[in-house]
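Everything below concerns the one structure shown next.
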Amino acid sequence: MNVKLIKLTKDDIEHIRSIYKWNIAEKRKDLYSCDEIDNEYEKHMTFERFYPLMARNILSGQMDNYIIVDSETEQAVGRLQAFDYNGRNKSIEIGYYFPPEFRGKGYGIAMMETLLTEFFSDEEMKLNKIVAETAEGNTASNKLLQKFGFKVDARMREHYWFGEEKQDQLIYSILRSEWCR
């Protein structure tokens, strides 16, 4: 299985519409973000309100948004965000999301293989480190990161609250020298 990472522009309306639909349909947003979820705001979020927010995010340049596309079917299967690029320290943080219908099908593995190869070979960024954070209870994400050689750099105790359940946040990283052998 192969995937493509397509960097979004404000004109990628159909891909942005996919992200909007995934966001609205996701039943457990609290598991996929450490941001506080405003259910009242979410209930009234229309695509007409979502699109300008997403376009502004894309145009700001503070975060690169990618859609993950199955190379064979050309279907959007997930999203990737790359942010907090530090040119001095040659590092960037990533976050990714797959809607329920695309989980457990190998897209995460294909995405990570593509991401690491493309990001570490990018001559403009010249990355030395890629960082990812996840809750300790997110077994799938923890396994994916470990499979590709990410190491736990830090543990933030009781950082995530899922109702009354508290979980530590794990901060992972992989160095260019660990991937590009």
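The values are calculated or read from the model by the stated rules, or taken from the named source; none is laboratory data. Everything numeric in this text was worked out from a predicted model, so none of it was measured. Positions of Cβ are backbone-derived with ideal geometry, glycine not excepted, and every protein chain shown enters the neighbour counts. Accessible surface areas use protein heavy atoms only, side chains included; no ligands, DNA or RNA. Shrake-Rupley method; radii C 1.70, N 1.55, O 1.52, S 1.80 Å.
Every condition in (1) modelled with pLDDT of 90 or more; (2) in contact with an Asp or Glu (Cβ under 7 Å, 6 or more places away or on another chain) holds for D70 except the one numbered (2).
Inside region 125-138, residues that are assigned to a strand (DSSP E or B) and farther than 18 Å from Y96 by Cβ make up a count of 0.
Within region 149-164, the set of residues being more than 19 Å from the chain's Cα centre (by Cα) and open to solvent by 100 Å² or more (accessible area, probe 1.4 Å) comprises R155, R157, E158, W161, E164.
Look at (1) open to solvent by 80 Å² or more (accessible area, probe 1.4 Å); (2) modelled with pLDDT of 90 or more; (3) within 27 Å of A140 (Cα to Cα); (4) out of contact with any strand residue (DSSP E or B) (no Cβ under 8 Å at 6 or more places or on another chain) and you find that E36 fails only one, number (2). Within region 139-148, does at least one residue satisfy the condition of being assigned to a strand (DSSP E or B), at pLDDT 95 or above and open to solvent by less than 50 Å² (accessible area, probe 1.4 Å)? Within region 139-148 (the criterion being assigned to a strand (DSSP E or B), at pLDDT 95 or above and open to solvent by less than 50 Å² (accessible area, probe 1.4 Å)), the answer is no, since none of the residues qualifies.
Conditions (1) free of Cβ contacts under 8 Å to residues at least 12 places away in the same chain; (2) out of contact with any Cys (no Cβ under 9 Å at 6 or more places or on another chain), marked per residue:
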| residue | (1), (2) |
| --- | --- |
| M112 | no, yes |
| A135 | no, no |
| K143 | yes, yes |
| G149 | no, yes |
| R155 | no, yes |
| H159 | no, no |
| K166 | yes, yes |
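Residues in region 55-105 that are open to solvent by less than 30 Å² (accessible area, probe 1.4 Å), in a loop (DSSP other than H, G, I, E, B) and touching a residue at least 60 places away in the same chain (Cβ under 8 Å): P99 alone.
Could we say that F162 is more than 18 Å from I94 (Cβ to Cβ) and among the aromatic types (F, W, Y) here? Criteria met by F162.
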